[in-house]
Structure formats: C-alpha cells, structure tokens
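**Student:** Shown below is the structure under consideration.
The numbers here are math on the coordinates, done by the rules we state, and not lab data. In this text, all values refer to a predicted model and were calculated from it rather than measured experimentally. Every residue, glycine among them, receives a Cβ derived from its backbone with ideal geometry; neighbour counts consider all protein chains shown.
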Amino acid sequence: MKKVLIATYSQSGRTQAVADQLANLIDSADQYQIAVSDGTFSNDMYETDAIATK
Ligand SMILES: Cc1cc2nc3c(=O)[nH]c(=O)nc-3n(C[C@H](O)[C@H](O)[C@H](O)COP(=O)(O)O)c2cc1C
C-alpha cells in the first residue's frame with residue numbers, strides 16, 4: 001500500500017485547514033507541518049516567494 005505524506009507550511013492556517021480535511025479523507029496519510037522561525041517570511045507574497053526560493 002502506498003504511503004501518503006501531506007507536508008504543509010501555513011502562515012495563517014488556511015492551507016493547514018485544507019490539509020487536515022485531505023488527511024481525514026486519506027486513511028493512510030501522515031502529516032508533517034513545516035515550521036519556520038517567526039519573521040522568516042514577509043507579508044508581501046512576492047518577497048515571501050523570493051525568500052522561500054532562496
Ligand atoms: C509566494 C506566494 C504566492 C501566492 N500566490 C497566490 C496566488 O497566485 N493566488 C492567490 O489567490 N493567492 C496567492 N497567495 C496568497 C496565499 O495563497 C493566501 O494568502 C493563502 O490563504 C495563504 O495560506 P496560509 O495562511 O495557510 O499560508 C500567495 C502567497 C504567497 C506567500
């Protein structure tokens with residue numbers, strides 16, 4: 001049986017809420033929440049994209 005990992009980073013919890021719903025639908029799914037230190041990302045999505053890419 002295939003193992004499923006749902007790995008997420010969620011700044012405000014929206015993405016996490018969707019991931020939780022998916023995990024409930026997939027019995028075998030493991031979840032992993034990617035954590036970053038406070039202040040790692042910006043409130044500007046373009047700047048956040050550059051930081052994440054780097
Ligand atoms: C790098 C980056 C790219 C994004 N691109 C889009 C986009 O193309 N369309 C959109 O509707 N929202 C975009 N957003 C906004 C996020 O998808 C939105 O704020 C989402 O609710 C964030 O979920 P989270 O709080 O769980 O991280 C982007 C945000 C970031 C940081």
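**Student:** Kindly indicate which of Thr40, Thr8, Thr48 is in contact with a strand residue (DSSP E or B) (Cβ under 7 Å, 6 or more places away or on another chain) and surrounded by 11 or more Cβ atoms within 10 Å (Cβ to Cβ). Spell out how you get there, then give the answer.
**Tutor:** Working: Thr40 fails: in contact with a strand residue (DSSP E or B) (Cβ under 7 Å, 6 or more places away or on another chain); Thr48 fails: in contact with a strand residue (DSSP E or B) (Cβ under 7 Å, 6 or more places away or on another chain).
None of the others qualify; the one that does is Thr8.
**Student:** Continuing with this model, one more query. Picking from Gly39, Gly13, which residue would you name as being over 12 Å from the mean Cα position of the chain (by Cα) and not hydroxyl-bearing (Ser, Thr, Tyr)?
**Tutor:** Numbers: Gly13 fails: over 12 Å from the mean Cα position of the chain (by Cα).
Every option except Gly39 fails the conditions.
**Student:** Something else: With the checklist (1) among the polar types (S, T, N, Q); (2) assigned to a strand (DSSP E or B); (3) within 13 Å of the ligand (Cβ to nearest atom) in hand, flag the one item Gln16 doesn't pass.
**Tutor:** Every listed condition holds for Gln16 apart from (2).
**Student:** Considering only residues that are in contact with a Ser or Thr (Cβ under 7 Å, 6 or more places away or on another chain), among the aliphatic types (A, V, I, L, M) and not in a loop (DSSP other than H, G, I, E, B), which ones fall in segment 1-13?
**Tutor:** Val4
**Student:** While we're looking at this one, here's another question. Would you be able to tell me the number of residues in segment 19-54 that are in contact with a helix residue (DSSP H, G or I) (Cβ under 9 Å, 6 or more places away or on another chain), within 13 Å of the ligand (Cβ to nearest atom) and not in a loop (DSSP other than H, G, I, E, B)?
**Tutor:** 1
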